[in-house]
1. Could you let me know the centre-to-centre spacing of region 158-225 and region 50-68, using Cα atoms, in angstrom?
2. Using Cα-Cα distances under 8 Å and only pairs 6 or more residues apart, what relative contact order does region 121-225 have, in percent?
3. Would you calculate a helix-derived [θ] at 222 nm for the chain, using -39,500 (n - 2.57) for each DSSP H run of n ≥ 4 and dividing by the full residue count, to the nearest 500?
4. Quick one: putting +1 on the C-beta of Lys and Arg, -1 on the C-beta of Asp and Glu, what dipole do you get for region 116-166 around its Cα centre, in Debye to the nearest 20?
5. For the chain, what is the accessible area per residue in Å², given a 1.4 Å probe and the full set of protein chains?
6. Taking the Cα centre of the chain as origin and charging only Cβ (+1 Lys, Arg; -1 Asp, Glu), how large is the dipole, in debye to the nearest 20?
7. Of Lys10/Lys218; Lys29/Lys218; Lys161/Lys194; Lys116/Lys161; Lys29/Lys220, which sit over 19 Å apart, Cα to Cα?
8. Of Thr65, Pro78, Ile93, which is farthest along the charge dipole of region 38-106 in the positive direction, counting Lys and Arg as +1 and Asp and Glu as -1 at C-beta?
Amino acid sequence: MDGVIIMIRKLASSILDVDFTCLERELRKIESGGVDLLHLDIMDGNFVPNISFGPKIVESIKRITSLPLEVHLMIEKPENHIKSFINAGGDIIIVHYETSKHLDRLIQNINDADVKSGIALNPATPLGVIEYLINKIDFLLLMTVNPGFGGQKFIPEMIDKIKKARKIIDNQKKPISLEVDGGINLDNISEVIKAGVEIIVIGQLISKSANPEITIKKIKNIMNQ
Ligand code: DX5
Ligand code: ZN
């Protein structure tokens, strides 16, 4: 089977829009559907126009789930907060290219802490900016909406960006997971998968669903077709 690359597709569920008064119950619903990762959206009201939650909540979530925690930092000066999110139990730390003046140092610091690292790119940010960093990260997260809110519309031009990112990743020696975040629904999953994505982040399609368990199963069926 020389030269055949088997891609394992994963579903990451964003808890941004779950009912936080019943967080544990909401998590159990997501877990029973069979998601692979929990995606935690950290927003500071500066880099993005919305505020979500911080390390304290991440720590509480860590205590009640065994799913890997993917921390998506949408915050200015991420270097000031990396440590607390790692200590809180983040397994994957994703920082936005647009938020750091010294991204290489930041990625090194994350890697040195023995957790997985990732870079997120806003829709308008070209892929070329990560040319000299791609081999140091484990995840490349392409935003398919402008970050800040759940429930937005997928930006169609991102399909082309996903295809280009796939080619760049396939030319690297080390495995890097290509991930998309924002506006994914039952109608566009197949196209996104076909474009070459491995991990799909989904928020409201799951959290606003009357039966998250069934919705997750439907999503995973489409992903594995
Ligand atoms: C947006 C966040 C997303 C969001 C996705 O800034 O990064 O993770 O929760 O939500 P949906 O799937 O509802 O677009
Ligand atoms: Zn996110």
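1. Here the two parts' Cα centres lie 23 Å apart.
2. Values: 138 pairs, mean separation 27.3, N = 105.
Once normalised by length, the contact order is 26 percent.
3. -9000 deg cm²/dmol
4. Dipole of region 116-166, to the nearest 20 debye: 100 debye.
5. In whole numbers, the chain has 49 Å² accessible per residue.
6. The calculation lands at about 280 debye.
7. Result: Lys116/Lys161 exceed 19 Å.
8. Checked the options; the winner is Thr65.
The values are calculated or read from the model by the stated rules, or taken from the named source; none is laboratory data. Everything numeric in this text was worked out from a predicted model, so none of it was measured. Cβ sites come from the backbone with ideal geometry, for glycine too, and all protein chains shown count toward neighbours. Keep in mind that these areas ignore ligands, DNA and RNA; they rest on the heavy atoms of the full protein, side chains included. Shrake-Rupley method; radii C 1.70, N 1.55, O 1.52, S 1.80 Å.
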